Amino acid sequence: MSVGTLYTFAGQAYGKRVRAAATAAGVQLDLPACTFGETNKSPEYLAKFPHGKFPGFEGKDGFKLFESAAIARYVASLSPNSTVLGATSHDAALVDQWISFADNEVRVPVSNTLAIVRGNAGTYVKPIDLYWRQRVVPALEVVDKHLQTCTFLVGERITLADITLATIVQSAFSTLVDAPARQKLSNLLRWFETVVNQPLLKDIFGETSFVEAAVQYQPPKKETKEAKPAKAATVSGTAAAAVGAVQSAASAAVAAVKPKKKKDEDEEEDEPLVPAEPKVKNPLDDLPKSSFNLEDWKRAYSNMDTKGPGGAIEWFYEHYDKEGFSIWRVDFKYNEELTQVFMSSNQIGGFFNRLDASRKYLFASVGVLGSANNSIITGVLICRGQDFKPVIDVAPDWESYEYKRLEPQANPEDKAFFEDALAWDLKVGDKAWADGKNFK
């Protein structure tokens with residue numbers, strides 16, 4: 001049963017926030033067709049929401065709200081069993097923290113930059129453009145770092161914080177955060193794909209058009225002035241011809257020595273001081289297309305129980321393409337050097353950071369087994385192709401590890417090792433899983 005009516009228009013990011021919050025909380029909303037510039041300017045709408053902005057909410061009891069943050073929080077609160085606002089008081093505070101960060105540190109710079117480059121903020125001023133533009137990626141880097149060890153921003157389930165930030169990031173990824181910047185935000189990108197592809201939310205977010213190059217200000221073209229008609233000659237006959245010849249010769253001489261006019265500073269484009277290095281195509285991209293989508297697996301692993309019916313491992317076996325991918329056991333060669341468990345876990349994290357260039361070709365679950373001064377590092381890799389080396393050798397320390405191919409669908413021992421490593425309950429001899437990390 002619907003709790004009220006949401007007035008928004010197709011594609012509005014603020015409206016997406018409210019719709020996604022309601023859907024995640026299991027709350028239904030009525031969504032009448034609205035046209036921007038018409039519905040919100042009508043006397044009926046202005047009588048309810050005098051500011052004339054979208055979105056607007058009217059409850060079945062006549063309760064009215066505007067501003068997307070307030071509406072989203074309210075509709076999510078109408079489901080008492082939902083954890084969209086946080087499962088505990090601590091989680092609720094963290095949800096509010098990330099919502100505030102998303103709105104103030106990400107949305108404001110993105111919105112201001114877009115207003116400037118689109119000419120909606122008056123005369124273009126480059127320093128102001130740069131001021132706001134240069135605040136976007138550093139803010140997203142804060143989130144990216146937080147997501148190194150988290151699937152979602154708060155807790156183990158999606159919250160209003162994830163929904164709020166995802167609507168803003170979707171806009172940023174399609175306008176200002178280009179391909180080179182996204183490559184450095186791998187954790188954020190993985191999180192974003194997880195949120196917007198949630199089955200309940202996928203239709204609300206729709207497709208994201210990832211921009212290859214950040215949008216820039218385009219100055220309006222200058223009008224070409226029409227040439228003035230030449231004055232009528234005041235001499236005639238042979239004299240006129242002579243005068244014309246002299247004038248033509250003089251004009252040609254002046255044109256030959258006159259320096260070309262420089263472009264206005266506003267029209268000049270910044271040229272790189274050195275030519276950009278040509279992009280080298282990864283040979284893994286030339287492999288035949290595989291039916292196994294690694295990103296879908298990463299989402300399944302993040303959102304499903306690992307073992308058991310309907311779990312991530314079951315999903316894996318149903319979709320795995322052994323012709324397009326291979327599975328490997330990885331073991332650190334120098335376990336005798338390991339001391340504290342947390343330090344060994346940090347070593348795994350450093351190894352994963354150095355593998356970042358292979359993120360779209362690799363999934364890994366690697367852990368520390370044992371206790372302080374008596375531990376090993378081991379785990380499993382899922383690699384694109386039939387050889388681990390093209391995937392792994394981007395990390396300078398890849399040779400500090402040994403690699404052994406596993407065939408979990410043919411060998412029971414390989415199967416047990418693979419599944420236990422994924423579930424983080426692997427045991428090798430007397431050493432049990434103590435800590436671990438995923439590369440996804």
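The values are calculated or read from the model by the stated rules, or taken from the named source; none is laboratory data. Owing to the predicted nature of the structure, the values given are computational and were not obtained by experimental measurement. Counting neighbours? That spans all protein chains shown, and the Cβs are built from the backbone with ideal geometry, glycine included. Note: areas computed on protein heavy atoms with side chains; ligands, DNA, RNA excluded. Shrake-Rupley method; radii C 1.70, N 1.55, O 1.52, S 1.80 Å.
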Largest-first ellipsoid semi-axes for segment 323-440, taking √(5λ) over the Cα gyration tensor eigenvalues, angstrom: 21, 18, 11
Cα gyration tensor shape for the chain, rounded if a/c is under 1.5, else prolate or oblate: oblate
Net +/- balance of residues flanking A432 in space, Cβ distance below 13 Å, scoring K and R +1, D and E -1: -2
Pairwise label distance in nanometres, Q386 with V108, each label 7 Å out on the Cα-Cβ vector: 5.7 nm
Helix-only CD estimate at 222 nm, as mean residue ellipticity for the chain, using -39500 (n - 2.57) per DSSP H run (n ≥ 4): -11500 deg cm²/dmol
Computed over segment 89-205, the ratio Rg/Rh where both radii use C-alpha atoms and Rh is Kirkwood: 0.99
Net charge of Cβ neighbours under 14 Å - reference P55; Lys, Arg +1; Asp, Glu -1: +4
Candidate residues F418, F36: accessible-area rank, largest first, probe 1.4 Å: F36, F418
Residue of K289, K298, K307 that the Gaussian network model of the chain assigns the largest fluctuation, springs spanning Cα pairs under 10 Å: K289
Cα-based shape type of segment 1-62, given that a ≥ b ≥ c are square roots of the gyration tensor eigenvalues and the cut on a/c is 1.5: oblate
Residue-span extension gain [K41 to A70] - 0.36 nm each, minus C-alpha spacing: 8.3 nm
Karplus-derived HN-Hα couplings along segment 130-135 (A = 6.51, B = -1.76, C = 1.60, θ = phi - 60°), whole Hz, x at Gly and Pro: 5, 4, 6, 4, 6, 8
Inter-probe distance in nm under a simple model that places probes 7 Å from Cα toward Cβ, at N282 and A357: 1.0 nm
Fraction of accessible area attributable to carbon and sulfur, segment 339-440 (%, probe 1.4 Å): 48 percent
Amide N of segment 92-114 lying under 18 Å from the label point, which is placed 7 angstrom from the Cα of L200 along Cα→Cβ: 92, 95
Mean accessible surface per residue for the chain, computed with a 1.4 Å probe while every protein chain stays in place, in Å²: 57 Å²
Ratio of the Cα radius of gyration of segment 1-118 to 2.2 N^0.38 Å, where N counts its residues: 1.13
Quarter of Cα convex hull surface for segment 288-387, i.e. mean projection, nm²: 7.2 nm²
